[in-house]
Structures are given as C-alpha cells and as structure tokens.
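Undergrad: Dropping the structure in here first, questions after.
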Amino acid sequence: MISPFINILILNWNGQKVLFDCVQSILQSDYKKYCITIIDNGSTDSSLESITALNSDIINFIKINQNVGYAKAYNYAFEKIINNKDDFYFILNNDTVIESNTLSQLILALNKYGDNNIFGPKIINFFDGTIWYAGGALNPYTFSANNIGINKIDIMTEYKTGKTDFVSGCSLFIKKDILNKIGGFNKIYRFYYEDVDLCLRAKSLNVNSFFVNNSLVKHKISHSMGGRYSILKFYLKTVSKIKFIFSNNSFFKSILYLLINILLLPFFLFYKIITILLK
C-alpha cells in the first residue's frame, strides 16, 4: 500500500477568521505523513500570528508581498518547494476544515485507482451541510464548468466515487510529479477556472480526475470573495470563463460558445435572483 508524504498547501489572503480553524482540523488528521505550507498572498491582517504561535515544526510559510491571485501564488510556491521530498500535494482553501479521515480516505482512493490521477474530496457547505462539490461536469454546449450536486442535501448513497471532468481547486489532491509535468496552473487565470483548466490539460496526458465520496471537506463558501452571491465573485468567474473558453478551443468555436453563453445569460440571472429571493 502506498503511503505518500503529503505537503498540504494552503493559500491565504486575510484569512484571520478562517485560517486557524483550517490548520487545527489538519492537525487532528489520523494520517500523519504530512507537512503544511501556508502561502500568504500579501495579507494585511494578522491571520498568520495565530499559526506562528502554534510553534509547529511541520508548518512552513511562503510569503508573497502582494495578492497575485490563485494561479500565480501557487505556481510561485511550486517553484519554491520543487526540491522538497514531497510525494503529493493537497491544495486546500484557507476557508475549509477537514475531517480526521479526509486524508486517509484519499490515500485509499489512490491505492485503488492508481496514483497517476487527480483526486478531489466531497465538499459540503460548512454552514448548512448541503453539497458544494460532488464531482465536476463540463457542459458540452456552453463549455461551462459546474459542480455536481451543488446545494443538494448530502446523501451518502447518491454520489459514487469515480471519474469526473474536473476536481475543485478548493481541495485538490495531486501527485507532485504530475503537477510538475503539467506545468502548474495556467497563469492567465487570477481567480476561478484554474482547476478546470489544470484537469483538462492533465486529461490530455492520460491523467484522469476522480471524485472521492468518502473523503469530506467542509467549506465556508467564498469567505474571501464576500459570500456565495457576491458581485465580485460573479465578475471574476465570468472573466475567467471567457479566458477558459478561448484558451481551450479554436477561435470560431470559442465565438460560438460565447454567443450561446450570452443568449443564456438573462435566464441564468433570473434563476440566480429567484434563488436569492427564496433564501
């Protein structure tokens, strides 16, 4: 049985309200072959103080002077730790908490399906227990990336471990050698779609993505982006989606996808407004 050493990479930006809980949950893990690397993306709060106070020799820090976004920050960290003796990376949002068996369930999955794959735990909303990610689906008509099961009640038997189109960058488990071969995240993205793009490029190298139902992560949804329905989140996601479409398709196909998305936009906005009003 493969028991790899895992470097848990947490990107932090002004995470004073969430980072400590995230780290504390990792320290309660029943799988012990890991270290934690916190990549601070130009924070201006005191989010690192509580972590340094732990005085733990398994927690390391990489500090960046300004917020350079998700992809560039992680790529910077990958370069810094490339010579470390890590077997796997577990890329984790700072606004998450994991269960004691989250890592061990991922290890069971990689032993069953092979380490030449990317794995993602089930992600549920920390606040109401509904599903946020139970696999990823890429829409063939709009080229949109959607989380399977989002906002549904978590029923263990409804979603099965298996291949999926992409793994969420909120909690992504990947072999170090695979990530280096892919070349890290595409730096054209600042926020959103970096994970989908990564998994799509991995697929071209015969690296599949797997959703792992028995591995669980709880997510304090979009804490750093102002909440689930924030205008900032909608804007950033739209910009990244356009970049994703044009970087993964021919020009004419990209224009077609873009037109379809524009035509569907009023219906999407209407659905979102109704969803918010019914909350």
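Undergrad: Pairs please, first residue from the stretch 181-196 and within 17 Å of SER168 (Cβ to Cβ) and without any contact (Cβ under 8 Å) to a residue 40 or more places away in the chain, second anywhere and hydrophobic (A, V, I, L, M, F, W, C) and assigned to a helix (DSSP H, G or I), Cβ atoms under 7 Å, 6+ apart in sequence or on different chains.
TA: If the second residue must be hydrophobic (A, V, I, L, M, F, W, C) and assigned to a helix (DSSP H, G or I), the pairs left are ILE182/LEU198; ILE182/ALA202.
Undergrad: Of the conditions (1) part of a helix (DSSP H, G or I); (2) under 21 Å from LYS176 (Cα atoms), CYS22 clears all except one; give me its number.
TA: Unmet condition: (2).
Undergrad: Name the residue, out of ASN7, ASN12, ASN94, ASN84, that is in contact (Cβ under 8 Å) with a residue 40 or more places away in the chain and surrounded by fewer than 18 Cβ atoms within 10 Å (Cβ to Cβ).
TA: Testing whether each residue is in contact (Cβ under 8 Å) with a residue 40 or more places away in the chain and surrounded by fewer than 18 Cβ atoms within 10 Å (Cβ to Cβ) leaves just ASN84.
Undergrad: Return a yes/no flag: does the stretch 56-79 have any residue that is closer than 23 Å to LYS181 by Cα and exposed (fewer than 13 other Cβ atoms within 10 Å of the Cβ).
TA: Within the stretch 56-79, one or more residues are closer than 23 Å to LYS181 by Cα and exposed (fewer than 13 other Cβ atoms within 10 Å of the Cβ).
Read the figures in this text as sums done on the coordinates, not as results from a lab. Fair warning: this is a prediction, and the values are worked out from it, not measured in the lab. For neighbour counting, all protein chains shown are included, and Cβ atoms are generated from backbone atoms with ideal geometry for every residue, glycine included.
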